[in-house]
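Below is one structure; the comments refer to it alone.
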Amino acid sequence: MAYGFGIVGCGMISGFHAKAIADVKGAKLVACFDTREEAAVKFGADNNCQPYTKLDAMLANPKVDIVTIATPSGAHMEPAVAAARAGKHVIVEKPLEITLKKCDRIIEACEKAGVQLGAIFPSRFHDSSVKLKQAINAGRFGTLTLGDAYVKWFRTQAYYDSGAWRGTWALDGGGALMNQAIHSVDLLTWLMGPVIEIQASTAMLAHVRIEVEDAVVATLRFANGALGVLEATTAAYPGYLKRVEIHGSEGTAVLEEEDLKAWDFAKPRKEDQSILDEMQKHKSTGGGASDPAAIGHHGHTMQFRDFVEAVKKNRAPAIDGHEGRRSVEIILGVYKAAETGKTVELPLKSDPVLKARTARKKK
């Protein structure tokens, strides 16, 4: 049996969804939806699926079993909830949504309808990420002391000007952190555990006509006692691969995109050198460091494959809605800490009220 997929939103990321679906055994793209008729028709023709300009019509198609949401970040909730109510399983591109209230609406709708919900974070599925998680679980790092993530990317002004939703609180939900660095936020908390305390500063330094940050620095305290640093920007020319560093009393690992750059332990194992050799083969794409389209779809493929298996076996997917919500809460905590100048404790009791910033004018 092949599960039929329908894609909501025919922008850039939908193409990666289509490629991933094509690579998954037991999956078939059968439909797509966009309010822009020309976008839906073109995507349908390019991917041999039925285009729709009315969401209800696509959701009424009995061949659609799973719906992926690829709309702008702040427009995920409505189609996700509609899909759940129509009895379709739901996969939502990152972030799950841009407020906790909206995240909870999606989670509740899927639970009430008895359908599976997945949140897209492909970095967790890379072989190097899995090896790192396994080493942490095995206690090879001893006492975890530092967990750091650095996303020093570059986006031109033309990138922000290319869509009216980009760089807005209403639809982007934030800037360098919510849109670009959220993958690293998710990976860091997956590896290190829950964040319980945040201090932060944000700024908009190199772009105009946007409301959100293009630079952020935050310090984190994890539930296990470890500390961390989170840096993100879209104003670091020419853009560099994202980096995650995990340090402990008995080990250190450094992950640059998909490549392990360090794998050092006080108690070496015979397989360590082969792991390091295998994970240093420069399998990384550009990682989106300077071009948002310069990413591979293989992570999506692995996650979609897991999701299809979850539906088939009626189990939770590897990254469910609650997991997707966690990174959004951390990011909103960073924004709140930056806005108030105070230490913020997690979990948040409610969504913070964030103010639009004023871009620095070009001289």
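The values are calculated or read from the model by the stated rules, or taken from the named source; none is laboratory data. Just so you know, these numbers come straight off a predicted model, no measurement behind them. Here the Cβ is made from the backbone with ideal geometry for all residues, glycine too, and neighbour counts use every protein chain on show.
Quick notes on this structure:
- Ile69 falls short on exactly one of the conditions (1) of a type in the set (Val, Ile, Thr); (2) under 17 Å from the mean Cα position of the chain (by Cα); (3) farther than 19 Å from Asp172 by Cα, and that condition is (3).
- The listed residue being farther than 27 Å from Gly167 by Cα, assigned to a helix (DSSP H, G or I) and among the β-branched types (Val, Ile, Thr), out of Ile13, Ile21: Ile21
- Qualifying residue in the stretch 193-210 (condition: acidic (Asp, Glu) and crowded, with 19+ Cβ neighbours inside 10 Å): no
- First in the stretch 154-167 and in the same structural domain as Val212 (by TED's automatic domain parsing) and at positive phi, second anywhere and surrounded by 14 or more Cβ atoms within 10 Å (Cβ to Cβ) and among the acidic types (Asp, Glu), Cβ under 8 Å, 6 or more apart: Gly167/Glu211
- Residue-level analysis places Glu345 among those that are surrounded by fewer than 20 Cβ atoms within 10 Å (Cβ to Cβ) and at pLDDT 95 or above.
- When Ala253 is tested against (1) closer than 16 Å to Ile120 by Cα; (2) at pLDDT 95 or above, just one condition goes unmet, and that condition is (1).
- Any hit, the stretch 18-36, residues being touching a residue at least 24 places away in the same chain (Cβ under 8 Å) and of a type in the set (S, T, N, Q): no
- Single residue of Asp148, Asp127 found to be modelled with pLDDT under 95 and either under 28 Å from Lys313 (Cα atoms) or not small (Gly, Ala, Ser) (or both): Asp127
- Selection count where residues are modelled with pLDDT of 85 or more and more than 13 Å from Ser128 (Cβ to Cβ), scope the stretch 275-301: 3
- Taking first residues from the stretch 224-246 that are touching a residue at least 60 places away in the same chain (Cβ under 8 Å) and of a type in the set (A, V, I, L, M, F, W, C) and partners that are assigned to a loop (DSSP other than H, G, I, E, B) and surrounded by 24 or more Cβ atoms within 10 Å (Cβ to Cβ), the Cβ contacts under 6 Å between residues at least 6 apart in sequence or on separate chains come to Ala232/Ala181; Ala235/Asp214.
- The stretch 303-337, residues that are closer than 23 Å to Ser14 by Cα, in contact with a helix residue (DSSP H, G or I) (Cβ under 8 Å, 6 or more places away or on another chain), aliphatic (A, V, I, L, M) and surrounded by fewer than 20 Cβ atoms within 10 Å (Cβ to Cβ): Ala318
- Hey, Gly15 surrounded by fewer than 19 Cβ atoms within 10 Å (Cβ to Cβ) and under 17 Å from Ser73 (Cα atoms) or not: yes
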